[in-house]
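Presented below is the structure to which this report refers.
The values are calculated or read from the model by the stated rules, or taken from the named source; none is laboratory data. In this text the structure is predicted, and so the values were computed from the model without any measurement. Please note: Cβ atoms are built from the backbone with ideal geometry, for glycine as well, and neighbour counts cover all protein chains shown. Protein only, heavy atoms only, side chains kept; ligands, DNA and RNA dropped before computing areas. Shrake-Rupley method; radii C 1.70, N 1.55, O 1.52, S 1.80 Å.
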Amino acid sequence: MHLIHAGLIGPPQRRLPEDAAPALLALATPREGVEHVVAHQERPGEAVIGLYVRAADAEQARARALAFLLPATRAAGPLSGWLLVHVLSPRLPGRNGP
């Protein structure tokens, strides 16, 4: 299981939908390996989606997260109007570095 952070930007005053995390999780299929989704937004126009993804390694988890999130940013998706700017696996102390 790997934690993935996906950064999004949108119009300056844009807020994520209140149901962004459950709406995304509802789209997940077993093939994608997405187990849990959280949405964080500290400022309008900027957001982070956290995903726990089942995968053999971090590279595969990032690829799965990207393939899962891109359709969600399209016109009919729960993240419509948002631009996906990065998909990262954060460094966790004691797990993959200091």
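Annotations for the structure displayed:
- Look at (1) within 12 Å of the chain's Cα centre (by Cα); (2) more than 17 Å from residue 24 (Cα to Cα) and you find that residue 59 fails only one, number (1).
- Subset of segment 31-81 (residues that are among the small types (Gly, Ala, Ser) and in contact (Cβ under 8 Å) with a residue 60 or more places away in the chain): 65, 81
- Scanning segment 43-90 for residues that are over 13 Å from residue 2 (Cβ atoms), assigned to a strand (DSSP E or B) and open to solvent by 40 Å² or more (accessible area, probe 1.4 Å) gives 43, 46, 48, 83, 85, 86.
- Residue check, residue 25 free of Cβ contacts under 8 Å to residues at least 40 places away in the same chain, surrounded by 14 or more Cβ atoms within 10 Å (Cβ to Cβ) and touching a His at 6+ places or on another chain (Cβ under 9 Å): yes
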